[in-house]
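Below is one structure, written out as structure tokens, with a few remarks after it.
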Amino acid sequence: MEQRHLGRTGLRVSRIGLGTLTWGHTEENDAAELLKVFWEAGGTLIDTADVYGDGAAEYLLGRLIERLVPRRDLIIATKAGSVPDPERRFDGSRGHLLAALDASLTRLGTDYVDLWQVHAFDPATPLEETLQALDIAVSSGRVRYAGVSNFCGWQLAKAATWQLAPPGTRTRLASTQMEYSLLQRGVEREVLPAAVDLGVGLLPSSPLGRGVLTGKYRHATPADSRGGSDQMAPFVAPYLDDTAGRIVDAVATAADGLAATPLQVALAWVRDRPGVTAPIVGARNAQQLTAALSVETLSLPDEICRALDDVSAPVHRYPDHDWSTL
């Protein structure tokens, strides 16, 4: 699998990442098969978080490291800052973040993570305090590179600029993780331009539109899908409207013309967008993951990209566009 630099850093990662959001409810043998398929395909970037399965995803990944795949062959990315507190969903305080990092390292069974990300912006904590936790983590050797997740445009720009202000004394942001797909192009408004300008690599989550872009929901909701489960149906529902349906139909048409699958077309589109480093793909089983990894051989023709751009174009007007053209 092709490797890409993460933002304006020396860290290279596979251009498809493996997500572990559901590993808190995944059998160890199934997770082992996923990891082995990913690794054998040349994948290196594994994305997790301290809240996935209340820590179970990190623990399961830690059990598989070394026993199945050498630690040196993986780029492990985890996150901290989300908390199960209805009064405070995010905690970006220095104390919480550093304690969460130590807990993650214990569950993962490693003395460092390659990429550590603040899971979300915490308005109750000064941003410079949150960012100082990243500096401390890197300087201590427990973290190799640092990033953020779910920061809007101004938050990302402020954080990345703060880290760059005194050269050589703070850890530059390597990444930002955000939802991005043909069904969710909101990051193009401000986040992506800021990331490109400041040398921050984008790691798209839900690159298949929460599974909708595979085409599985075009005619009905499969009983064994996330949309067919009581727990996950509300997660999928926003992407089952008429607008999304037109985009999915266009993806399916493009796939037919290319002798490919809708999954491959949708994933190739987001993978090769300017500023994107590696979409994070979740899979229920090895068959699904193999189907996603098969996108490695596909590059979309320019005319297909333009057609998909047009059918999924978000409405961005003032002040995003030049005011003189309005």
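The values are calculated or read from the model by the stated rules, or taken from the named source; none is laboratory data. What you see is a predicted model; the values in this text were computed from it and never measured. Because the Cβ atoms are built from the backbone with ideal geometry, glycine has one as well, and the counts that use them run over all protein chains shown. Heavy atoms of the whole protein, side chains included, go into the accessibility calculation; ligands, DNA and RNA do not. Shrake-Rupley method; radii C 1.70, N 1.55, O 1.52, S 1.80 Å.
Observations on the structure shown:
- Karplus-derived 3J(HN,Hα) values for region 247-264, using 6.51 cos²θ - 1.76 cosθ + 1.60 with θ = phi - 60°, are 5, 5, 4, 5, 5, 5, 5, 4, 4, 4, x, 9, 6, 10, 9, x, 4, 4 Hz; glycine and proline are entered as x.
- Spin-label model distance (nm) - residue 286 vs residue 139, 7 Å beyond Cα toward Cβ: 4.6 nm
- Rounded to the nearest 5, the antiparallel percentage of DSSP beta bridges internal to region 75-219 is 10%.
- Take every Cα pair under 8 Å whose residues are at least 6 apart in sequence, average their separation, divide by the length of region 102-210, and the relative contact order is 24 percent.
- Residues whose amide H falls under 5 Å from that of residue 90, counting only those 5 or more places apart or on a different chain, are 83, with hydrogens built in the peptide plane.
- 3J(HN,Hα) from dihedral phi, region 72-88, Karplus parametrisation 6.51/-1.76/1.60, rounded to Hz, x for glycine, proline: 5, 8, 10, 9, 8, 10, 10, 9, 8, x, 7, 9, x, 10, x, 7, 8
- For the chain, the Cβ-based charge dipole about the Cα centre amounts to some 520 debye (Lys, Arg positive; Asp, Glu negative; other atoms uncharged).
- For the chain, the square roots of the Cα gyration tensor eigenvalues, ordered a ≥ b ≥ c, give a/c of at least 1.5 with a/b no greater than b/c, which places it in the oblate category.
- Residue 178 accessible area, assembled protein chains, probe 1.4 Å, Å²: 30 Å²
- For region 14-22, 3J(HN,Hα) computed residue by residue from phi via the Karplus equation (6.51, -1.76, 1.60; θ = phi - 60°) reads 5, 7, 10, x, 9, x, 10, 3, 8 Hz, glycine and proline entered as x.
- For region 79-144: rounded, prolate or oblate by the Cα gyration tensor [a/c cutoff 1.5]: oblate
- Value at 222 nm in deg cm²/dmol, rounded to 500, when DSSP H runs of n ≥ 4 in the chain each add -39,500 (n - 2.57): -11000 deg cm²/dmol
- For region 232-326, the carbon plus sulfur part of the accessible surface works out to 55%, probe radius 1.4 Å.
- Apportionment of accessible area to carbon and sulfur, region 61-128, percent (1.4 Å): 50 percent
- Remark: accessible surface ordering of 154, 269, 162 (largest first) is 154, 162, 269, probe radius 1.4 Å.
- Whole-number accessible area per residue in Å² for the chain, which is evaluated in the context of all protein chains at 1.4 Å: 45 Å²
- Residue (of 157, 177, 143) at the positive-pole extreme of region 110-223, dipole from beta-carbon charges: 177
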